[in-house]
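The structure appears below as structure tokens.
The values are calculated or read from the model by the stated rules, or taken from the named source; none is laboratory data. These numbers were taken from a predicted model, which means no experiment stands behind them. Positions of Cβ are backbone-derived with ideal geometry, glycine not excepted, and every protein chain shown enters the neighbour counts.
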Amino acid sequence: MVAWKSTTEFSPAPLDLAAYATEHHLTLPALEDGSIDPVLIVDRTAWEALWDHARSTDVEVGGLLIGEVFRDEATDRPVTLVRAAVPALGGASSAVSFTFTPDAWDHLTAERDRLWSEMITVGWFHTHPNLGVFYSGTDRNTQHAFFNRPWNVGIVVDPLALSDQVGLFVGAHSRRLPASDLVVAPEPIVVVTAPVPAPVTEPVAPTQPPTRPTVRTVWETYGSRVAVAAAGAAVGVVAVVATEWVRSQRRDG
Ligand SMILES: [Zn+2]
């Protein structure tokens with residue numbers, strides 16, 4: 001019996017997964033009898049957004065996975081459908097760690113509510129550049145604290161690895177699933193609005209030279225927030241970096 005069926009706080013809508021897979025040209029992994037692992041489906045647009053963010057820097061970065069959860073009518077398994085991957089702006093990043101800061105968390109949940117108000121947070125992702133796709137103790141703690149439902153997923157990717165670039169971890173205890181279980185839709189399932197605000201054009205009196213840019217860039221919109229978050233997180237980063245550094249030394253050793 002799937003744990004979430006005994007609770008009243010969240011009741012996923014039923015889904016005919018086989019029909020859904022046929023409709024969207026999805027190749028599902030073999031579904032073992034009796035398994036309660038979620039079936040993980042990622043929209044093509046979300047998958048590309050995740051990788052764009054992962055490849056944007058050589059330090060660790062991360063973000064939230066937004067989407068929907070259903071219950072497969074045939075197998076009773078949860079179906080986690082990831083519709084969007086939202087980068088965490090202002091997360092505390094270093095070469096060997098990524099941490100959601102309170103400011104980053106506030107920003108992410110505000111973006112989710114603004115752009116995908118009908119959806120929920122189904123998981124999170126982060127990168128391990130050149131470290132491999134395992135879960136550290138910090139990662140397990142993060143998953144246990146914030147993404148601890150049976151249908152929650154954590155995706156860790158190593159954009160610098162030559163193989164084994166994707167790790168999947170589900171539920172409160174970060175149970176690892178084979179990367180091949182992840183179903184990436186071959187085409188966008190829905191048109192997902194990119195989580196970037198439209199440039200704002202500000203009128204300037206024609207007789208005066210403009211004293212500031214008339215088009216606000218994404219960096220100008222979020223840059224100060226990132227700087228404040230980075231400064232505020234600095235103390236925490238030192239502790240996390242020290243922990244991760246020790247871990248990496250053990251890995252190397
Ligand atoms: Zn990690």
Within the bounds of the stretch 62-84, is there any residue that is assigned to a loop (DSSP other than H, G, I, E, B), more than 23 Å from residue 183 (Cα to Cα) and away from the ligand (no atom under 12 Å from the Cβ)?
no
Filter the stretch 26-56 down to the residues that are modelled with pLDDT of 90 or more and in a loop (DSSP other than H, G, I, E, B), then identify the one that is farthest from residue 183 (Cα to Cα).
56
Kindly evaluate residue 87 against the criterion of being under 19 Å from residue 56 (Cα atoms) and either within 16 Å of the ligand (Cβ to nearest atom) or in the same structural domain as residue 20 (by TED's automatic domain parsing) (or both).
yes
Would you be able to say whether some residue in the stretch 15-25 is charged (D, E, K, R), modelled with pLDDT of 85 or more and not in a helix (DSSP H, G or I)?
yes
Conditions: (1) in contact with a helix residue (DSSP H, G or I) (Cβ under 9 Å, 6 or more places away or on another chain); (2) within 14 Å of the ligand (Cβ to nearest atom); (3) free of Cβ contacts under 8 Å to residues at least 40 places away in the same chain; (4) outside any loop (DSSP other than H, G, I, E, B). Residue 105 meets all but one. Number of the miss?
(2)
When (1) in contact with a helix residue (DSSP H, G or I) (Cβ under 9 Å, 6 or more places away or on another chain); (2) at pLDDT 90 or above; (3) farther than 13 Å from residue 54 by Cα; (4) near the ligand (Cβ under 9 Å from one of its atoms) are applied to residue 126, the one that fails is (3)
Counting only residues that are within 15 Å of the ligand (Cβ to nearest atom) and farther than 28 Å from residue 71 by Cβ, the stretch 108-123 contains a total of 0
Being buried (at least 24 other Cβ atoms within 10 Å of the Cβ), among the β-branched types (Val, Ile, Thr) and in contact with a Lys or Arg (Cβ under 7 Å, 6 or more places away or on another chain) is the filter here; which residues of the stretch 36-63 pass it?
39
